[in-house]
1. Pairs of alpha-carbon atoms within less than 8 angstrom and 6+ residues apart define the contacts here; what relative contact order does the chain have, in percent?
2. Using 0.36 nm per residue, how much length does the chain from residue 3 to residue 126 gain when fully extended, once their Cα-Cα distance is taken away?
3. Between residue 41 and residue 192, what is the spin-label point distance in nm, taking each point 7 Å from the Cα along the Cα→C-beta axis?
4. At q = 0.07, 0.08, 0.10, 0.13 Å⁻¹, what log₁₀ I(q)/I(0) does the stretch 5-248 have when each alpha carbon counts as one equal point scatterer in the Debye sum?
5. Reported to two decimal places, what Rg/Rh ratio describes the stretch 1-121 when computed on Cα atoms with Rh from the Kirkwood expression?
6. If you average the alpha carbon positions of the stretch 149-180 and of the stretch 102-137, how far apart do those two centres end up, in angstrom?
7. In Å, what Rg and Dmax follow from the Cα atoms of the stretch 17-82?
8. Using only the alpha carbon atoms of the stretch 191-249, find the Kirkwood hydrodynamic radius as the inverse mean reciprocal pair distance, in angstroms to one decimal.
Amino acid sequence: MRRKFIAGNWKMNGDQELVRQIAERAADSAGEAELAVCPPYPLLPAAASQLPFGVALGAQDVSEYDSGAYTGEVSASMLLEAGCRYVIVGHSERRTLYAEDNARVAGKFQAARQAGLIPILCVGETLAERDAQRTEAVVGEQLSAVFDAVDGAAFQGAVIAYEPVWAIGTGRTATPEQAQAVHAFIRGRVAERDGQDVADSLQILYGGSMKPDNAGELLAQPDIDGGLIGGASLDPEGFLSIYNAAAEG
Ligand code: PGA
């Protein structure tokens, strides 16, 4: 049985006060599900020192390189040292606004794994791709890039987030059935390549306008193991109520 996992992606938002509020509320709602927050880099130390035991810390991006002349970049070992357990790689905003292609994302995924971080690989199609019935082709290519870059079971001990680009920050959520279909496809691909055991234990999160009022029905789907929450993770009460839905479900 996979544990449910709720992770908050603050993007370029938040401050010390939000860290304090989330830490305070999270302390009251320890449950069966896993919980993580991914604040911007400068807030990692405050979050590492204030978050209660059991709430994990993640970063939103990582360099594919170990060290060197890469101005503005942060390595996986630095994130580990800052207290991170997770790192998001290949978020659609990185892919579209910063031109990260599948090969670069795969390099980041590999760098995270090698350093001992758990990568949360984001995959998902645009609306035009969905309308052209290319969802599985696009998500399949995003997964293949990682399979090609990593020897052995690429997704052992990793997390995948299915985030349809058209649902991110738009208030438009995939229906539970739409999301479930893609999650099942992803699990099937991982089973083909990494084996059934890895696929069965892989947490596949849904992301894209997940909110307190739609989390329950999404999380009830058999292949939806949690959520990567953007906008709603900035409201401590709403975020923790999504977590509670996961912990109870
Ligand atoms: P959203 O963002 O919940 O605001 O749609 C999700 C994400 O981008 O991870």
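A short reminder: the numbers here are calculations on the coordinates, not readings from a lab. Note that this is a predicted model, so its numbers are computed, not measured. Glycine gets a Cβ as well: all are built from the backbone with ideal geometry, and neighbour counts include every protein chain shown.
1. After rounding, I find 22 percent.
2. Roughly 41.4 nm would be gained on extension.
3. 3.8
4. Normalising to I(0) and taking log10 leaves -0.20, -0.27, -0.42, -0.74.
5. Rg/Rh for the stretch 1-121 comes to 0.97.
6. 8
7. When restricted to the Cα atoms of the stretch 17-82, Rg and Dmax are 13.6, 43 Å.
8. For the stretch 191-249, inverting the mean 1/r across all distinct Cα pairs yields 12.2 Å.
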